[in-house]
Amino acid sequence: METAFTSAVNQFAANPVVSAKTLRELLSADPEKFFRNAVPILKRLQQDEPGSTYLLVLLLSRGLIVSHVLRDEVFAPQELTEIARRLAKVDPNFGVKLLQSVLPDPFETASTEPAAVNVRLRLMDVLQTVSDGSRLLPLMMRLLRDPDARVRSKAALLVGRAKLSTRWVEECLTAEDARVRANAVESIWDMDSEEVRVLLWDLLSAPDNRSVGNSLIGLYRMGDAGAIEQILLMAQDTRDLFRSTAAWVMGSTGDPRFQPTLVNLIRDSAPVRATAFRALGSLKQAKARMANSPPLRLMGWRNPSSQGQDEIQVTVAHDWQQDQSQPDESEPDSALEPKSLPLSGIRPTEFILYRDTVVVPSYDVREAVRQEPLSLAFMLPFSGTEVLSHPTHVEALQAASWFRRKTDHWLVARYDGVPAREAVTSYLSHTWGGVGPLQLRADAAPAQPSLALELDLSFLTDSGQLKESIETPPAPARLADALLCLKSVLRAAYNIKGPHIVLIRPSNAGALSDEFLNEAKCAVSNLKATFHAVFENAASPVFDGGCREAGIRELCMESGGFCLGAAAGQFPQVLAGLALGLVDSYLIRIPEAKGSLKVQVFSRRGCGDLVLA
């Protein structure tokens, strides 16, 4: 039979009529031997093999799925799952048929024989991976009265997933069997609603460890950061079962922040120690899986602390440097198209925070996503192309442009960055008619002349034009001071609602005039403008205090903007982070304390970290 069986399966696609007849005859002649020959094929099912598909149809039609496949221990759970997935494509009602074949008559009690119970358990393990339970609901309700507690608990899980009702879960919480209550809670893990959240929080005071553990996992999967602290508190419970369940929850999350706690639990009592060892293994496996996830680029800064809370502004994107390529010169508009989009939708529980090296258990995360177009103006000092700051500014603007969306309007304006006395000396040297070099005393230096330039500035969406404005230095005759540059920017933003203006301040810059600050404050009031400032060569990458120009810091705070500092060599990264943060960012609040902060993202979509002094 083996040769004829193998030949019929392999040649089914070429000659389905003859092969099908051969397989039917072999099955009728000796079902047991037919099944033994089918086992190797069932264990290595291929997606589009018609022969193996027909083989499944035969087994299902003759009842051999229940009598042999589910009863035979040669199939691992994942192999049974793959068989079920294939059968679901062949016959969407196969789950109903299987359940009907194992259930007794409505007025009879199911068998308590170990073999019969095992079939029902294996069947439900398979069905919960391939069915949402809606078609099975009437039959599954009968299994809630099964004499075996394990069957009842699995039935509660499947029924709960089908009903997706917190009311039904509340009804199950009155069941005597703790496993039924716990599985009812598990059935709503993937429901994200305020009603579910409230129910799960209420269940944290339940008397049995299973319901509490499943509630914590549900909250964690929903992204509720409050679950972190509750998991750690459960690990300190005086009851062994609760500490053991806490270890199981930690392992189920795969979250590396729980590793120090689990290491402590392996010195606990024997039941707790065994669960902690298994959980550490789960964390190791999760870390290995995450090693292949895409690297993420985290950028951010610390905001001024307020109301006893430290605030961190964080942006997350795929590491664009991993796939950065040279733009196609034949398509100039492609040069500044968005190359790396922000990573939105990161759950709060996917953020891990450390104060120095200690895990921060309590924190809050709020994501701010800007849907509407962003009008963003950059005001940069310019002291000549030979000055090192110019290529740095170009590099920084190019890095920031990676996050400009096609609908965003950008404007690049450059003002005279030569310090005032040097600018005046340079100006008068061109008109000096005396003998010898021009000599000015500090107290006699006249004010820089006001050159009433009309700068023709506009916000751009065209990538080619924007690329040119970034890379092309201004003509000396068209270089205005900071105040005139600001007025020109505001004139371009006259019909724009809520423009954002970034002021780039060099390390050797003097304070901006009161007239400049008053003009900016009028724009905040009239145009709803938001001002940001980035100081070059600051003492630290995060510039949240000790501002060299208090007026600018006050302007940024009053308008809702950010006042940042870029350490030497970090200006492009800081400016890119700010540009991304205005589109999509995460505000993280933690209790105020001393020490450096580390922010880590541990997600299937990618991993990365950021250290803030």
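Quick notes on this structure:
- VAL418 vs. criteria part of a loop (DSSP other than H, G, I, E, B), over 19 Å from PRO572 (Cβ atoms), in the same structural domain as ILE504 (by TED's automatic domain parsing) and at pLDDT below 90: yes
- Number of the condition not met by HIS532 [criteria: (1) surrounded by fewer than 20 Cβ atoms within 10 Å (Cβ to Cβ); (2) part of a strand (DSSP E or B)]: (1)
- Some residue of the stretch 486-500 being more than 18 Å from LEU460 (Cβ to Cβ), small (Gly, Ala, Ser) and either buried (at least 21 other Cβ atoms within 10 Å of the Cβ) or assigned by TED's automatic domain parsing to the domain that holds ALA567 (or both): no
- Number of residues in the stretch 583-602 that are of a type in the set (Gly, Ala, Ser) and either buried (at least 24 other Cβ atoms within 10 Å of the Cβ) or under 24 Å from the mean Cα position of the chain (by Cα) (or both): the value is 2.
- Filtered residue count, the stretch 366-415, keeping only those that are in a helix (DSSP H, G or I) and of a type in the set (D, E, K, R): 1
- Sole residue being under 29 Å from GLY345 (Cα atoms) and of a type outside the set (A, V, I, L, M), chosen from PRO260, PRO271, PRO207: PRO260
- Selection of the stretch 498-538 for residues being on the phi < 0 side of the Ramachandran plot, within 37 Å of the chain's Cα centre (by Cα) and touching a residue at least 40 places away in the same chain (Cβ under 8 Å) yields PRO499, HIS500, ILE501, VAL502, LEU503, ILE504, ARG505, PRO506, HIS532, VAL534, GLU536.
- Residues in the stretch 565-577 that are modelled with pLDDT under 90 and surrounded by 24 or more Cβ atoms within 10 Å (Cβ to Cβ): GLY565, ALA566.
- Selection status of VAL74, surrounded by 15 or more Cβ atoms within 10 Å (Cβ to Cβ), more than 27 Å from LEU216 (Cα to Cα) and over 35 Å from the mean Cα position of the chain (by Cα): no
- Some residue of the stretch 570-580 being part of a loop (DSSP other than H, G, I, E, B) and in contact with a Ser or Thr (Cβ under 9 Å, 6 or more places away or on another chain): no
- Checked against the criterion of being without any contact (Cβ under 8 Å) to a residue 24 or more places away in the chain and in the same structural domain as VAL119 (by TED's automatic domain parsing), the candidates SER28, SER101, SER19 yield just one match: SER28.
- Residues that are over 15 Å from CYS607 (Cβ atoms) and assigned to a loop (DSSP other than H, G, I, E, B) within the stretch 245-301 comprise ILE266, ARG267, ASP268, SER269, listed in sequence order.
- Considering each residue of the stretch 232-246 in turn, none proves to be in contact with a Cys (Cβ under 9 Å, 6 or more places away or on another chain) and either surrounded by fewer than 15 Cβ atoms within 10 Å (Cβ to Cβ) or closer than 27 Å to LEU200 by Cα (or both).
- Residue among GLU194, GLU229 that is out of contact with any helix residue (DSSP H, G or I) (no Cβ under 9 Å at 6 or more places or on another chain) and over 30 Å from ALA291 (Cβ atoms): GLU194
- Unique match (being closer than 18 Å to VAL90 by Cβ and in the same structural domain as LYS89 (by TED's automatic domain parsing)) among PRO50, PRO40: PRO50
- LEU580 falls short of the stated requirement of being under 30 Å from SER389 (Cα atoms), over 17 Å from the mean Cα position of the chain (by Cα) and surrounded by 19 or more Cβ atoms within 10 Å (Cβ to Cβ).
- Being touching a strand residue (DSSP E or B) at 6+ places or on another chain (Cβ under 7 Å), at pLDDT below 95 and in the same structural domain as LYS406 (by TED's automatic domain parsing) is true of ALA482.
- Some residue of the stretch 11-26 being under 46 Å from the mean Cα position of the chain (by Cα) and of a type in the set (A, V, I, L, M, F, W, C): yes
- Answer from ARG210, ARG142, ARG120 - the residue that is basic (Lys, Arg), at pLDDT below 85, buried (at least 19 other Cβ atoms within 10 Å of the Cβ) and in a helix (DSSP H, G or I): ARG120
The values are calculated or read from the model by the stated rules, or taken from the named source; none is laboratory data. Everything quoted here is computed from the prediction, not taken from an experiment. When we count neighbours, we look across all protein chains shown, and the Cβ atoms used for this are built from the backbone with ideal geometry, even at glycine.
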